[in-house]
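Asker: The structure under discussion is supplied below as structure tokens; questions concerning it will follow.
The values are calculated or read from the model by the stated rules, or taken from the named source; none is laboratory data. The shown structure was predicted, so the numbers you read here are calculated from the model rather than taken from an experiment. With ideal geometry, Cβ positions are generated from the backbone for all residues, glycine too; neighbour counts draw on all protein chains shown.
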Amino acid sequence: MANYNFNLKGRNSKKLTPINLVVNYNYKRVVFYTRESVLPKFWDFEKQRAKETRSFSEYPEFNQRLNNIEATAKNVFRRYQNDHDNEEPSPAEYKKLLEAELKGTKNCVPKTFIEFTEYFIDQTKKRLEIEKKADSRSDIAGSYTQTLNCIKDYAKDKNKRVDFDMMDNDFYTDFIKYLETIQTSSDENGKKTKKYGFSANTIGKHIKNLKRILNEACTPEMNVNKFTFYKRFKVLKEDTDAIYLNENELQAMYELDLSNNSRLDRVRDLFLVGAWTGLRFSDFSCIQAKDIQGDFIYIQIQKTGQRVVIPIHWTVKAIMDKYKGQFENSLPPEISNVKMNAYLKEIGQKMDILNAKESVTIVKAGKTVQKKQMKWELLTTHTARRGFASNMYKAGIPTITIMSITGHKTEKAFLRYIKVTPDEHAKILMKYFQKSIQLKVV
């Protein structure tokens, strides 16, 4: 008699975890990879079904889908025995029959790279929705979608088949060259547009996304290249001339009169919260009331899960007084990353101190290009976090203390992250010289 069990791939994970149907019979074992996933905290390991809880309101439909999969698996097994004089199928035969039975339903994991990637993107959206990361859902899933579109374009323009078994060093080299090269296309009106000619960092983002997708698909069920060449794919990266705002510029932003524009007023205040906490946008945009305790913010960083404690700067305190009673956390409301980046440029344009040219060097289409832009044009949500790190470093705060808040793992990575000019480094050293002279005189 066959035994049917639903197992989670990771019992202790805090993320959405795939569910496998494991069938054991006569010392044989078949693992079927369903398309269902669940947070382990919502899983009843004894009943092998989702817990009946309000926190996971879709549990009735979810458990019914698992019941349907199990019923189908039993029917396929019984049908084979009826057709073969009560003989049991081999594991390979059974899996093939079960896949065929479920083919075309949402419980059959796609086998081609394109189909699997679309499935992976859909699962990512669901995971982020369950984890209550609504804004991250569009940003993260959108990034994977961009990578998929690049690969689709590559396959079309190169007239090449792209699938798991093709992911080798030749594909890697050719795909990078394709992304580096400026491609042209024409719309329905015959107007030519440019695409790609990406910088090294943008290409690196797509390679990183591709490796994540291939890693998720690397199971016995998939036809991922058996030599796993993709693990050798190098994620390109280069230092950029990204800006930060020094303390004078932050003060000028704080003092900017935006009383006649509530939209920009709230975005400015939210940016300053990021600039004086050092948190990423995904964290400073959704600080909860429970995270604020006295003069400190106690928060778990979404990206790493690390818990940090941040003293509340006087600027943040003033902002909290401003919004007290309007919102539960006494802070400006959350906004999408895309919109905030656009609004920040509107704010920056109103600041005389940011109406100065900045030289920016990038590597695009394999060539080093230097151009000048207004400093306000370069403002993004990440400018806040970078500014915190740079300003604290200039102020002489120990690197290890700053890293405990920014979450950098190594000092080398942190020092690459901060944006301090040679002149500013010289001034930091001069402060040390002056301090040492004073101590010597005393």
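Asker: Quick check on GLU188: is it over 30 Å from ASN68 (Cβ atoms), modelled with pLDDT under 80, surrounded by fewer than 16 Cβ atoms within 10 Å (Cβ to Cβ) and out of contact with any Cys (no Cβ under 6 Å at 6 or more places or on another chain)?
Answerer: Values: over 30 Å from ASN68 (Cβ atoms): yes; modelled with pLDDT under 80: yes; surrounded by fewer than 16 Cβ atoms within 10 Å (Cβ to Cβ): yes; out of contact with any Cys (no Cβ under 6 Å at 6 or more places or on another chain): yes.
Yes: the conditions hold for GLU188.
Asker: Hey, any hits in segment 291-308 for a residue that's under 22 Å from ARG266 (Cβ atoms), among the small types (Gly, Ala, Ser) and free of Cβ contacts under 8 Å to residues at least 60 places away in the same chain? Show your work before the answer.
Answerer: Applying the first criterion (under 22 Å from ARG266 (Cβ atoms)) to segment 291-308 yields 291-292, 297, 299, 302.
Okay, now just the ones that are also among the small types (Gly, Ala, Ser), so none.
The answer is no, given that none of the residues of segment 291-308 is under 22 Å from ARG266 (Cβ atoms), among the small types (Gly, Ala, Ser) and free of Cβ contacts under 8 Å to residues at least 60 places away in the same chain.
Asker: Right, next: Would segment 343-361 turn up any residue that is assigned by TED's automatic domain parsing to the domain that holds PHE271, acidic (Asp, Glu) and at pLDDT 90 or above? Show your work before the answer.
Answerer: Our first condition is that a residue be assigned by TED's automatic domain parsing to the domain that holds PHE271; within segment 343-361, this holds for 343-361.
Filter again for acidic (Asp, Glu), leaving 346, 352, 358.
In the following step, the residues that additionally are at pLDDT 90 or above were identified as 346, 352.
Yes, because at least one residue in segment 343-361 is assigned by TED's automatic domain parsing to the domain that holds PHE271, acidic (Asp, Glu) and at pLDDT 90 or above.
Asker: Let me spell it out: the conditions are (1) in contact with a Ser or Thr (Cβ under 9 Å, 6 or more places away or on another chain); (2) within 20 Å of MET374 (Cα to Cα); (3) not in a loop (DSSP other than H, G, I, E, B), and LEU245 meets all of them except one. Which number is the exception?
Answerer: Here LEU245 meets the rest and fails (3).
Asker: Here are some conditions: (1) at positive phi; (2) at pLDDT 80 or above. TYR172 meets all but one. Which one does it not meet?
Answerer: All conditions are met except number (1).
Asker: How many of the residues in segment 50-108 are more than 29 Å from the chain's Cα centre (by Cα), aromatic (Phe, Trp, Tyr) and modelled with pLDDT of 85 or more?
Answerer: Number of matching residues: 2.
Asker: On to the next question. Is it the case, given these coordinates, that THR202 is assigned by TED's automatic domain parsing to the domain that holds THR147, assigned to a strand (DSSP E or B) and modelled with pLDDT under 90? Step through it out loud before you land on a result.
Answerer: Working: assigned by TED's automatic domain parsing to the domain that holds THR147: yes; assigned to a strand (DSSP E or B): no; modelled with pLDDT under 90: yes.
The answer is no for THR202.
Asker: What helices (runs of 4 or more DSSP H) completely inside segment 255-330 contain at least 1 residues that are within 21 Å of the chain's Cα centre (by Cα)? Give the steps one after another, and end with the answer.
Answerer: Values: elements: 262-275, 281-284, 314-323.
Of the helices (runs of 4 or more DSSP H) lying wholly inside segment 255-330, those with at least 1 residues that are within 21 Å of the chain's Cα centre (by Cα) span 262-275, 281-284.
Asker: Kindly list the number of the only condition in (1) surrounded by 12 or more Cβ atoms within 10 Å (Cβ to Cβ); (2) over 27 Å from ALA252 (Cβ atoms); (3) at pLDDT below 85 that fails for LYS419.
Answerer: (2)
Asker: Next question. If you scan segment 235-253, which residues turn out to be touching a Phe, Trp or Tyr at 6+ places or on another chain (Cβ under 8 Å) and at pLDDT below 95?
Answerer: None - no residue of segment 235-253 is touching a Phe, Trp or Tyr at 6+ places or on another chain (Cβ under 8 Å) and at pLDDT below 95, so the list stays empty.
Asker: Under the condition of being of a type in the set (S, T, N, Q) and surrounded by fewer than 22 Cβ atoms within 10 Å (Cβ to Cβ), which residue from segment 270-299 is nearest to ILE140 (Cα to Cα)?
Answerer: Initial filter on segment 270-299 (of a type in the set (S, T, N, Q)): 277, 282, 285, 288, 293.
This time we only want the ones that are surrounded by fewer than 22 Cβ atoms within 10 Å (Cβ to Cβ), so: 282, 288, 293.
Working: SER282: 11, GLN288: 22, GLN293: 31 Å.
Out of the qualifying residues, it is SER282.
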